[in-house]
Amino acid sequence: MQHMTLAALLPTIGLAVLLSPSARAEEAPNSELTLWYQQPASDWGQALPTGNGQLGAMVFGGVDRERLQLNVDSLWDGYPLDPSNPASKEALPEIRRLMFEGKNKESVNLAGQTMMGRPQRIKPYQALGDLFLEFPGHGAVSDYRRDLDLDAAVAGVTYRHNDVTFNREVFASAPADCLVVRLTADRPASIDVKLSMTREKDAQCLAHPSDPNAILLRGQVDRKDDQGVQRGLRFASVVRVLLEGGRLTRDSGALSIEDADAVTILVAGATSYRGDEPEQACNATVAAAAKQPYDKLKADHMADHRRYFRRVAIDLGPADAAVTALPTDQRLAKVKDAPDPGLEALLFQFGRYLLISCSRPDTMPANLQGLWAWQMNPPWNSDYHLNINLQMNYWPAESTNLAECHLPLFDLMDGLVKPGGHIAEINYGARGWVAHHLTDAWGYAAAADGPWGIWPMGAAWLAQHPWEHYAFTGDKHFLRQRAWPLMKGAAQFVLDFLVEAPPGTPVAGKLVTNPSHSPENSFILPNGERHVFTYGATMDLMIIHELLTNCILASEILDTDADFRAECEQALAKLAPVCISPESGRIMEWIEDYKEAEPTHRHTSHLFGLHPGSMITAATPDYFEAARKVLERRGDGGTGWSLAWKINFWSRLHDGDRAHRLLNNLLKHKILPNLFDNHPPFQIDGNFGATAAVAEMLVQSHIRTEAGVYKLHLLPALPSAWPTGSVQGLRARGDCTIDLQWRDGQLVEAVLHAGSNAPASVPVVYGDTETAITLSPGKQARLAGDLKAK
């Protein structure tokens, strides 16, 4: 991602609130799984997220004016189109010739003229709108508290006004498919509130045509095709109010309630993306939800959320009681003085909470902002960036026991096969399917934005994910029916895109990509020119090595496509090698040892083989040490997601203290008050990358033996900052769930829970000790700290 600042990213809400602290407001939360604050959110980066995968809201917790900023996962500008460019295939041989001859400038100029998609820009993901709740006279209050319970997935607000305690609960229910808001008070007939909805453009808020207790937001994205035909998505939101006591009046697009004992508000949102009629869908949703009492709506929601969330529990050790008693924003500020293991555990679980909230079966996958974006044109379109960001979103899916949350990514990939196949054929004359550095809800697969978008490795990297799902679950049906077609198609394109380096080049006779670049980074040629384009960039070679290796394994496991397997084996044997600089001892980022234009660049793409790949391990000591030198050179700073990736790198290098240093840096410098990752601005991949990194510090399972089973490395990067702790429910490749306890920096006990597809024997490694553990499907293996059976 390009680094950018956006001073106006977080709009403030005007609140004439006088907040006085109270004993209750100063109390510590009931659980270490709660974010809490003593004041409303003054901007978007302080609001609290809730979501059910399809519908999301940011809860500001205002007193006299509550803002619930709403999103629907499928509300995108644009429409399906064909961005193919036949000029690309015609120009490709000349582009390659120029690049091989060292004429980088001429090559990139020709590529920019011929290889870009038509159009070369995509349209953004957009906000649904805002629901405002106005509470007249609630300007000065006391005993204020705002919180988000990650275990219950409920956001709350409570305060006292005129000797009345007011409470507010907000959650996005997956079972009911709607947002639920509950307003209560400890004195009857105390609730007065006005409800209204707004959207910046393309919509209007109306009185509901058939429900006197509801309002309707109706709109259509204003997007016309070349013939002037309106192609934009239609969308709607219905807000229905259920009263307990009191009176309701409606004035056009607003509802006013007076003297109510309690109020339940149901909010539905929908688009025409999947062929639905949005208003009908919203009406049906709120009608069904209205038939259930609030207590049942809440209980069903919490039970559904907890069946995912409670699979993993983590304790990274005690912290200063005076610190843990602080509100979350104050606690975050204290990290600058000293690490806070409890806050690190909270950040880990917050990442899991976010993934559950924004990526569920049959929803869109998590985009750059997950589900939550407040603008019509959010940063980078809030799109699906494929040169790390979308993939990073799903790094914790398998390891932190949320495999179902991975499924929307595979749905997106399935949807890319046809348009990606068309681009592969028209633009490259290749088989299979291709994607470049970004895509959208419409399956855009061509090169976008500018010459840096000519990076046709997106599909190849994405194809690692269905293989990982198989590696963790052992589900051969999934491997055959879903993973293998996606992997094979991505590999077919790669095989056709690879070209033999000509004589006179450093890797003459070897297969390389051309054109190629290391995402978003640049180098300096001996003549002083700065470029991004070369051939055979190291990241390409590592991604292709990973893909072809996995395809060979999958073909053998499924006993299928022997001819294609042989094609992969031949290409893998001829693939250009990853090189180590004789000068610096670092893995080279490009095919030649060019001078770096930005030595501390946010992307560290040439370590893909260390993480998320498995090409570089302790079994390849030269690469292992060369990777360490790369990280030393890159430094311990970076954007939010970049820091998260580096934590994973250091974990794979088994350097827990360095990994923890960067985790602490992330919390110090790149986490917003609501614990969102701050690129800046907000990008959710840093949250997911950090959660995955904590799991990597405690359990690793990426090394596959010649016998075809994965080694389980226990506490491979345990930092000294976590001397005593425990974790339950982490997943490992080989269909195994792991519980660990450690004390004084030493493993005390490990429990391996074997799934139905677990191998009969698995090598387990702790420190310098390795032993083979016998597993029985559905049974446990309990080990002492010396790895002997208990």
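The values are calculated or read from the model by the stated rules, or taken from the named source; none is laboratory data. In this text, all values refer to a predicted model and were calculated from it rather than measured experimentally. As a convention, Cβ positions derive from the backbone with ideal geometry for all residues, glycine included, and neighbour counts pool all protein chains shown. Please note that ligands, DNA and RNA were not included when accessible areas were found on the heavy atoms of the full protein model with its side chains. Shrake-Rupley method; radii C 1.70, N 1.55, O 1.52, S 1.80 Å.
Data overview
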{"read-out": "Subset of region 634-651 that is in a helix (DSSP H, G or I) and touching a residue at least 60 places away in the same chain (Cβ under 8 Å) - its residue that is farthest from Lys711 (Cα to Cα)", "value": "Trp641"}
{"read-out": "Pair list, Cβ < 6 Å and 6+ apart or interchain, from region 109-133 residues that are under 12 Å from Val221 (Cβ atoms) to residues that are among the acidic types (Asp, Glu) and modelled with pLDDT of 95 or more", "value": "Lys123/Asp77; Pro124/Asp77; Gln126/Asp77"}
{"read-out": "Residues being open to solvent by 20 Å² or more (accessible area, probe 1.4 Å), within 15 Å of His545 (Cα to Cα) and in a loop (DSSP other than H, G, I, E, B) - total across region 568-608", "value": "2"}
{"read-out": "Unmet requirement for Gly536, which otherwise passes all of (1) part of a helix (DSSP H, G or I); (2) crowded, with 22+ Cβ neighbours inside 10 Å; (3) not aromatic (Phe, Trp, Tyr)", "value": "(1)"}
{"read-out": "Which listed residue, of Ala127, Ala111, is open to solvent by less than 10 Å² (accessible area, probe 1.4 Å), farther than 30 Å from Gly269 by Cβ, out of contact with any Ser or Thr (no Cβ under 8 Å at 6 or more places or on another chain) and of a type outside the set (Phe, Trp, Tyr)", "value": "Ala111"}
{"read-out": "Pairs, first closer than 26 Å to Tyr144 by Cα in region 315-329, second modelled with pLDDT under 90 and in a loop (DSSP other than H, G, I, E, B), C-beta under 7 Å, six or more apart", "value": "Thr324/Ala28; Ala325/Ala28"}
{"read-out": "Matching residues in region 499-524 - criterion: being open to solvent by less than 20 Å² (accessible area, probe 1.4 Å) and aliphatic (A, V, I, L, M)", "value": "Ala501, Val507, Val512"}
{"read-out": "Complete set of residues in region 388-421 that are more than 23 Å from Arg733 (Cα to Cα) and surrounded by fewer than 23 Cβ atoms within 10 Å (Cβ to Cβ)", "value": "Leu412, Asp414, Gly415, Val417, Lys418, Gly421"}
{"read-out": "When residues of region 411-447 are limited to those that are part of a helix (DSSP H, G or I) and among the charged types (D, E, K, R), the one farthest from the chain's Cα centre (by Cα)", "value": "Glu425"}
{"read-out": "Qualifying position, being surrounded by fewer than 24 Cβ atoms within 10 Å (Cβ to Cβ) and not in a loop (DSSP other than H, G, I, E, B), among Leu547, Leu486", "value": "Leu486"}
{"read-out": "Elements of type helices (runs of 4 or more DSSP H) contained in region 280-373, each with 3 or more residues being small (Gly, Ala, Ser) and touching a Ser or Thr at 6+ places or on another chain (Cβ under 8 Å)", "value": "341-358"}
{"read-out": "Residues that are more than 19 Å from Phe676 (Cα to Cα) and open to solvent by 50 Å² or more (accessible area, probe 1.4 Å), drawn from region 301-337", "value": "Ala303, Arg306, Arg307, Arg310, Arg311, Asp315, Pro318, Asp320, Ala321, Ala322, Asp337"}
{"read-out": "Sole exception among (1) at negative phi; (2) surrounded by 24 or more Cβ atoms within 10 Å (Cβ to Cβ) for Ser382, by number", "value": "(1)"}
{"read-out": "Residue satisfying condition, being assigned to a strand (DSSP E or B), open to solvent by 40 Å² or more (accessible area, probe 1.4 Å) and of a type in the set (Val, Ile, Thr), within set Val727, Val748, Val762", "value": "Val748"}
{"read-out": "Filtered residues of region 680-707 (kept if of a type outside the set (Ser, Thr, Tyr), more than 27 Å from Thr724 (Cα to Cα) and either free of Cβ contacts under 8 Å to residues at least 12 places away in the same chain or out of contact with any Leu (no Cβ under 9 Å at 6 or more places or on another chain) (or both))", "value": "Glu706, Ala707"}
{"read-out": "Residue check, Gly45 among the small types (Gly, Ala, Ser), in a helix (DSSP H, G or I) and under 18 Å from Trp455 (Cα atoms)", "value": "no"}
{"read-out": "Test: residue in region 699-708 that is out of contact with any strand residue (DSSP E or B) (no Cβ under 9 Å at 6 or more places or on another chain) and assigned to a loop (DSSP other than H, G, I, E, B)", "value": "yes"}
{"read-out": "Pair list, Cβ under 6 Å, 6 or more apart: region 551-564 residue farther than 19 Å from Thr473 by Cα, other residue open to solvent by less than 20 Å² (accessible area, probe 1.4 Å)", "value": "Asp561/Ser555"}
{"read-out": "Test for Asp657: is it open to solvent by 10 Å² or more (accessible area, probe 1.4 Å) and assigned to a helix (DSSP H, G or I)", "value": "yes"}
{"read-out": "Condition broken by Asp143, with the remaining ones in (1) in a strand (DSSP E or B); (2) in contact with a helix residue (DSSP H, G or I) (Cβ under 7 Å, 6 or more places away or on another chain); (3) under 30 Å from Gly370 (Cβ atoms) satisfied", "value": "(3)"}
{"read-out": "Residue selected from region 81-101 under the condition in contact (Cβ under 8 Å) with a residue 12 or more places away in the chain and not in a helix (DSSP H, G or I), by the criterion surrounded by the most Cβ atoms within 10 Å (Cβ to Cβ)", "value": "Pro83"}
{"read-out": "Candidate set: region 43-72, residues that are open to solvent by 10 Å² or more (accessible area, probe 1.4 Å) and acidic (Asp, Glu); chosen: the one farthest from the chain's Cα centre (by Cα)", "value": "Asp64"}
{"read-out": "Residue within region 241-250 that is buried (at least 16 other Cβ atoms within 10 Å of the Cβ), under 33 Å from the mean Cα position of the chain (by Cα) and either within 21 Å of Gly56 (Cβ to Cβ) or basic (Lys, Arg) (or both) present", "value": "no"}
{"read-out": "Odd one out for Leu675 among (1) part of a helix (DSSP H, G or I); (2) among the hydrophobic types (A, V, I, L, M, F, W, C); (3) within 30 Å of Asp43 (Cα to Cα)", "value": "(1)"}
{"read-out": "Options Ala303, Ala289; residue that is modelled with pLDDT of 95 or more and under 19 Å from Ala214 (Cβ atoms)", "value": "Ala289"}
{"read-out": "Subset of region 195-230 that is farther than 21 Å from Val180 by Cα and within 29 Å of the chain's Cα centre (by Cα) - its residue that is surrounded by the fewest Cβ atoms within 10 Å (Cβ to Cβ)", "value": "Lys201"}
{"read-out": "Meets criteria (over 20 Å from Val267 (Cα atoms) and of a type in the set (Lys, Arg)) for Arg187", "value": "yes"}
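Results for (1) over 30 Å from Asn678 (Cβ atoms); (2) open to solvent by 10 Å² or more (accessible area, probe 1.4 Å), shown as yes or no for each residue.
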residue: Val532; (1), (2): no, yes
residue: Ile543; (1), (2): no, no
residue: Ile552; (1), (2): yes, yes
residue: Ala562; (1), (2): yes, yes
residue: Arg565; (1), (2): yes, yes
residue: Met615; (1), (2): yes, yes
residue: Ala618; (1), (2): yes, yes
residue: Phe624; (1), (2): yes, yes
